[in-house]
Amino acid sequence: MVDKEKQIKAWIRSHHLICEGSDFIFETVDQTQLDKFDNCIQAIGGRIRSVKAVGNWPMGPKRSFKILRAIASVPRPGGETLVTYWAKKGSKFTRYSEINS
């Protein structure tokens with residue numbers, strides 16, 4: 001569980017993961033990262049409610065990757081330490097916000 005929380009905190013610092021209300025919102029262009037996020041959320045007792053493509057991340061001429069957004073529910077009070085950590089170290093916007101807004 002500690003390793004899972006460390007990974008979640010790393011995503012918060014890198015602005016892949018934000019908190020909005022009682023939801024965690026995770027954005028990535030990598031399906032394997034999305035799978036890791038799902039495993040981490042399940043380990044802390046949460047679940048992913050939805051996943052959808054929300055935009056394209058340009059990766060050179062004529063090439064882009066889909067930005068995937070996962071919305072997860074995390075139970076309280078178990079998730080409170082992560083929400084507090086996000087409030088101190090995180091952002092209100094993901095690293096892809098300007099592209100998919």
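Within the bounds of the stretch 51-64, is there any residue that is among the hydroxyl-bearing types (Ser, Thr, Tyr), at pLDDT 95 or above and in contact with a strand residue (DSSP E or B) (Cβ under 9 Å, 6 or more places away or on another chain)?
Of the residues in the stretch 51-64, the ones among the hydroxyl-bearing types (Ser, Thr, Tyr) are 64.
Filter once more, so that each one left must be at pLDDT 95 or above: none.
Scanning the stretch 51-64 turns up no residue that is among the hydroxyl-bearing types (Ser, Thr, Tyr), at pLDDT 95 or above and in contact with a strand residue (DSSP E or B) (Cβ under 9 Å, 6 or more places away or on another chain).
Restricting attention to the stretch 35-45, does a residue exist that is acidic (Asp, Glu) and either assigned to a strand (DSSP E or B) or under 12 Å from the mean Cα position of the chain (by Cα) (or both)? Steps first, please.
Kept after step one, since they are acidic (Asp, Glu), are these residues of the stretch 35-45: 35, 38.
If we keep only those that are either assigned to a strand (DSSP E or B) or under 12 Å from the mean Cα position of the chain (by Cα) (or both) as well, we get 35, 38.
Within the stretch 35-45, one or more residues are acidic (Asp, Glu) and either assigned to a strand (DSSP E or B) or under 12 Å from the mean Cα position of the chain (by Cα) (or both).
When you scan the stretch 7-34, how many residues do you find that are part of a helix (DSSP H, G or I), within 18 Å of Lys88 (Cβ to Cβ) and touching a Ser or Thr at 6+ places or on another chain (Cβ under 6 Å)? First the steps, then the outcome.
Applying the first criterion (part of a helix (DSSP H, G or I)) to the stretch 7-34 yields 7-13, 31-34.
Next, from what is left, pick out any that are within 18 Å of Lys88 (Cβ to Cβ): 7-13.
From the residues that got through so far, the ones that are touching a Ser or Thr at 6+ places or on another chain (Cβ under 6 Å) too are none.
Count: 0.
The values are calculated or read from the model by the stated rules, or taken from the named source; none is laboratory data. Small disclaimer: the values here were computed from a predicted structure and weren't measured. FYI the Cβ positions are ideal-geometry reconstructions off the backbone, even for glycines, and counts take in every protein chain you see.
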